[in-house]
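Report on the structure given below.
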Amino acid sequence: TSLGFTFKAPTKGRYAPTWEVRFLAENDADVENGCYITAQNQAVEADRLRVGDVVFCQTKTNEGAAGSVYVTRHVVTKKGNRYILMAFTKRAVNAGMLDCATQPESGLSVSSDACVPFDMAAYDAQIEQIISTFAFTS
């Protein structure tokens, strides 16, 4: 593609995220040691992922808003003099807002019309699967 890379993200499925791509300068204040660090994720440990010769740094953010939690994985790699930031976000619903016979153990549900526990490990596996398809095209 014209971006210089590709990856495959699902459009359907329980943990299919919305996503966006941004390009950041080498000296961007939000990039520290190749990781996207913001006030919301400063205390989060960064994970390093490798796909072939490409190394990624992943940081995690969970932000609450009106009965929901937005679970975001910021994945960064560098090419040349810029960073590629991919943000993958999935909305989880506070299970306390639902009429469930039993509350999901995590306190979150995958959607507002189903009492299906939000499985953070399954979501993280989905993101790792997406990143495993990353390839530079130029």
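The values are calculated or read from the model by the stated rules, or taken from the named source; none is laboratory data. Just so we're clear, the structure is a prediction, and the values are computed from it rather than from any experiment. For neighbour counting, all protein chains shown are included, and Cβ atoms are generated from backbone atoms with ideal geometry for every residue, glycine included. To get the accessible areas, we keep the full protein, side chains included, count just its heavy atoms, and leave off ligands, DNA and RNA. Shrake-Rupley method; radii C 1.70, N 1.55, O 1.52, S 1.80 Å.
Could you look at region 1-92 and say what percent of its accessible area is carbon and sulfur, using a 1.4 Å probe and all protein chains?
Answer for region 1-92 is 45 percent, counting heavy atoms of protein chains only.
By per-residue mean of other Cβ atoms within 10 Å, what is the highest-first order of 52-61, 20-29?
So the order, starting with the most tightly packed, is 52-61, 20-29.
Residues in region 1-36 near a label at R91, defined as backbone nitrogen under 18 Å from the 7 Å Cα→Cβ point?
11-20
Among the lysines, which fall within straight-line cross-link reach of K90, defined as a Cα-Cα distance under 24 Å, with same-chain neighbours fewer than 8 residues apart omitted?
Result set, ordered by chain and number: K8, K12, K60.
Could you check the simple spin-label distance between C115 and T38, using points 7 Å along Cα→Cβ, in nm with one decimal?
Rounded to a tenth, the inter-label distance reads 3.3 nm.
Leaving out ligands and nucleic acids, and using a 1.4 Å probe, what accessible area per residue does region 24-87 come to in Å²?
53 Å²
Under a point-charge model restricted to the Cβ atoms of Lys and Arg (+1) and Asp and Glu (-1), what is the dipole moment magnitude of region 8-74 relative to its Cα centre, in debye to the nearest 20?
The calculated dipole for region 8-74 is roughly 500 debye.
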